[in-house]
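The values are calculated or read from the model by the stated rules, or taken from the named source; none is laboratory data. Owing to the predicted nature of the structure, the values given are computational and were not obtained by experimental measurement. Methodologically, a virtual Cβ is constructed for each residue, glycine included, from the backbone with ideal geometry; neighbour enumeration extends over all protein chains shown. We work out accessible area using only protein heavy atoms, side chains counted, and drop any ligands, DNA or RNA first. Shrake-Rupley method; radii C 1.70, N 1.55, O 1.52, S 1.80 Å.
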Amino acid sequence: MLEKKCPVCFYTLDSSLLRCPRCGWDFPATSGQMVDAARWLLGRIADARRNWLSRKSSVTLNLAPPVKPKTGEKPKSPGIDDYPGGKWKPPKISLVTPKKPTRDFSVFSSLEFCDIPSGLFSMGTDYDDGLGQEYEKPIHGVILSRPFRLAKYPVTQNLWEFCMGYNPSQFKGDSRPVENVTWKEVQIFISRLNATADRLYRLPTEAEWEYAARGGTAWPYYFGPTPEELPQFAWFGHNSGNRTQNVGLKDPNPWGLYDMLGNVWEWVSDWYGDYDSSTATNPKGPPEGSSKVIRGGAWGSTPWLCRVTTRSVKSPDERSPLIGFRLALDGSSASDETALEDKLPETFMDIAESTGVRIFDDSGCSIHRLNEEFEDFVDFDEDEDDEDYDDYDDYDEDDEDEPDD
């Protein structure tokens with residue numbers, strides 16, 4: 001005899017029966033009906049089970065020893081009266097829907113921005129100062145007519161992994177800057193971040209980067225004309241331990257930006273191109289090219305490479321443990337910011353005089369004079385510098401490319 005179990009009270013009954021004698025559950029007559037009414041069937045089972053539990057009917061235990069089956073007879077499955085331990089209770093069924101996993105948005109706490117005012121500054125270095133390379137010259141005027149915001153720190157690894165799902169960095173650490181990312185991967189990251197947030201993030205232009213890095217100063221470094229205080233403000237070859245460090249541990253520049261020099265080179269949006277001596281308004285670099293600009297120096301750089309005017313280049317498909325990036329936003333958090341007029345005077349000096357922009361330090365030294373002091377302070381022995389950095393792990397002079405003249 002074929003048997004089946006009632007799905008409500010689990011009573012064993014003959015397979016030919018269409019109604020359970022214990023709880024009254026009606027079985028579908030054919031398998032086709034069960035297929036056509038699958039969803040309805042589950043609801044019926046739940047309703048019948050609730051009704052069965054609401055009866056609170058007691059069950060009498062059968063204390064007689066089980067009957068030994070005869071030879072050749074199929075053993076009978078235990079029925080409702082064969083459960084030991086007292087009153088029989090159907091198993092508990094949880095109808096709670098599991099919660100969907102949530103994403104931890106606390107990683108955005110590291111994404112703070114500083115307001116950068118509109119203004120003008122002298123970009124690059126002088127031809128005859130003995131410091132800058134040819135690709136940093138000539139010094140020229142730049143007007144940024146609109147305020148913008150720049151991230152207080154380079155993008156960290158936890159924020160990158162939150163948006164991208166992986167961490168390519170060689171030196172792991174949630175609060176360390178992400179590195180080993182190509183310029184093209186950065187664009188994918190920004191597009192995903194913009195889809196998550198209600199802002200339009202982007203990379204800063206090269207002019208915006210240098211303007212913000214200077215912090216209103218005219219020195220080779222934003223803290224002075226010489227690199228004597230560089231260990232206080234940057235992670236570079238002499239103090240980094242041959243690796244990146246957590247962001248925000250060194251002192252910021254005058255505008256509150258951390259790690260603008262050292263720790264990692266930073267991608268900017270511009271293709272590489274030679275400077276023009278004429279004054280430019282909101283420059284964005286050439287419309288096309290083969291290499292993207294990186295700025296700021298890194299954990300394996302010499303003090304000379306950590307100047308605010310230093311430029312280097314990389315292919316947008318190239319990656320390095322020396323290169324990271326930081327984000328920018330258009331506009332300012334201040335509602336009363338006013339933009340500079342687009343009409344330009346004839347010379348940069350006319351602009352400086354008409355707007356009161358300080359192109360001299362407090363002692364009255366010009367940019368040229370400050371650079372001369374810097375040259376006297378630093379010994380630029382190329383052979384000696386090469387020896388100091390030959391033992392760096394993963395450090396390659398090719399990682400800091402110089403643009404072709």
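Suppose every Lys and Arg Cβ carries +1 and every Asp and Glu Cβ carries -1, with no other charges. What dipole size does the range 159-281 come out with about its Cα centre, to the nearest 20 debye?
Working: 9 positive and 16 negative charges, 87 e Å.
With only Lys, Arg, Asp and Glu charged at Cβ, the dipole is about 420 debye.
Quick check: at a probe of 1.4 Å, how many percent of the accessible area of the range 182-324 sits on carbon and sulfur atoms?
Details: 2380 of 4910 Å².
Looking at the range 182-324 in its full context, I get 48 percent from C and S.
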Quiz item: Between 245, 296, 216, whose Cα lies farthest towards the positive end of the dipole of the range 206-313 when Lys and Arg beta carbons carry +1 and Asp and Glu beta carbons carry -1, centred on the Cα centre?
Solution: 245
Practice problem: Can you tell me the dipole magnitude for the range 247-296 around its Cα centre, using point charges on the Cβ only (Lys, Arg +1; Asp, Glu -1), in Debye to the nearest 20? | Solution: 100 debye
Quiz item: Quick one: if you stick a label point 7 Å off each Cα along the C-beta vector at residue 238 and residue 166, how many nm between them?
Solution: 3.9 nm
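Over the range 160-278, give the accessible area per residue in Å² for a 1.4 Å probe, as an integer. Before the final figure, lay out the partial values.
Working: 4350 Å² over 119 residues.
Per-residue accessible area for the range 160-278 comes out at 37 Å².
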Practice problem: Take the eigenvalues of the Cα gyration tensor for the range 160-224, scale each by 5, and report the square roots as semi-axes in whole Å, largest first. | Solution: 27, 17, 10
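Just add up the charged neighbours of residue 6: K/R +1, D/E -1, any other residue whose Cβ is under 12 Å from the Cβ of residue 6. Don't skip to the answer; put the middle values down first.
Numbers: positive: 4, 5, 19, 22, 49; negative: 3, 14, 26.
Charge balance in the 12 Å sphere: +2.
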Practice problem: Determine, for each peptide in 195-204, 134-143, 300-309, the mean count of other beta carbons within 10 angstrom over its residues, then list the peptides with the highest first. | Solution: 300-309, 134-143, 195-204
Self-check item: Cut-off 10 Å between beta-carbons: net charge of the residues surrounding residue 283, Lys and Arg +1, Asp and Glu -1
Solution: -3
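For every other residue with a beta carbon closer than 12 angstrom to the beta carbon of residue 230, add +1 if it is Lys or Arg and -1 if Asp or Glu, then tell me the sum.
Result for the local shell: -1.
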